Amino acid sequence: MTVLIIGLLIVTFLVPSSNVVPYARASIDQPQILVINAYNRGYSWTDNQTDAIIEVLEASSIQPVYYIEYLDWKRQSSQANLQYQAELLIHKYRKHEIDIIIATDDIGMQFAIDYREQLSPDAPIVFTAVFEASAIKRMESVENITGVYESIDPQGTMKMILELHEDLEHVYIINENSESGIDVENEILEAVLE
């Protein structure tokens, strides 16, 4: 379902309509898409998202040129690293006309928002895998951005656990200490406390 929604969002931005001026290119007729992943290649969550995005892009009749980048946030989680990444990508894509920036997860979305002006000021941002509350907060006063929220069902999960284990006294949350991990934990805690 997420693949379909992302595909529709991408096509919406790339297919000209009567209200949209078609993209003009001096030498390349294909739209150029920059995918900014928060995490690293080899991390299955990121690999699955990237593979789904590539699958949609390659199946489309638009046949875009796409560039895949990784911020490596799980292993290099510092603002200094993001600044180095920004400098590199701004330099790397300075001569490209990026038509869309696709960003995965919270850090990818925030990076795209923070550096869109230097990367490609007119490019819309399409995000994926960001919890609704986090996405809404990040999108405040940001234009030309849309995406797919990540959602979990902690209430349904807790209900099922309690149905299967009626005598349950303790629930332990084993989680990572990242932005998305904290968001997941907060959603679970809200469900448990209800």
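The values are calculated or read from the model by the stated rules, or taken from the named source; none is laboratory data. Predicted model, so just to flag it, every value in this text is computed and none were measured. Positions of Cβ are generated from backbone atoms using ideal geometry, with glycine treated the same way; all protein chains shown enter the neighbour counts. Accessible surface is based on the protein model in full, side chains and every heavy atom, while ligands, DNA and RNA are left aside. Shrake-Rupley method; radii C 1.70, N 1.55, O 1.52, S 1.80 Å.
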Original post:
Here is a list of conditions, (1) part of a helix (DSSP H, G or I); (2) surrounded by fewer than 19 Cβ atoms within 10 Å (Cβ to Cβ), and ASP122 meets all of them except one; can you say which number that is?
Top reply: (1)
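Of all the residues that make up the range 41-94, how many are part of a loop (DSSP other than H, G, I, E, B), in contact (Cβ under 8 Å) with a residue 40 or more places away in the chain and among the hydroxyl-bearing types (Ser, Thr, Tyr)? Explain how you work it out, then say what you get.
Within the range 41-94, the first condition is being part of a loop (DSSP other than H, G, I, E, B), and the residues that meet it are 41-43, 60-64, 71-78, 93-94.
Subset that is in contact (Cβ under 8 Å) with a residue 40 or more places away in the chain: 60, 62, 64, 71, 73-74, 77, 93.
Right, trim to among the hydroxyl-bearing types (Ser, Thr, Tyr) and you get 60, 77, 93.
Count: 3.
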Subject >> Hits in the range 172-182 - residues which are open to solvent by less than 70 Å² (accessible area, probe 1.4 Å) and at pLDDT 80 or above >> reply: ILE173, ASN175, GLY181
Subject >> Yes/no for LEU89 being open to solvent by 20 Å² or more (accessible area, probe 1.4 Å) and of a type in the set (A, V, I, L, M) >> reply: no
**OP:** Kindly indicate whether any position in the range 103-122 is over 21 Å from TYR66 (Cβ atoms) and aliphatic (A, V, I, L, M).
**Re:** no
Original post:
What number goes with the only condition from (1) under 19 Å from ILE101 (Cα atoms); (2) surrounded by 14 or more Cβ atoms within 10 Å (Cβ to Cβ) that GLU143 does not pass?
Top reply: (2)
**OP:** Can you confirm whether the range 151-166 contains a residue that is within 19 Å of ILE107 (Cα to Cα), surrounded by 14 or more Cβ atoms within 10 Å (Cβ to Cβ) and of a type in the set (Gly, Ala, Ser)?
**Re:** no
Original post:
In the range 151-194, how many residues are closer than 18 Å to GLU132 by Cβ and in a helix (DSSP H, G or I)?
Top reply: 17
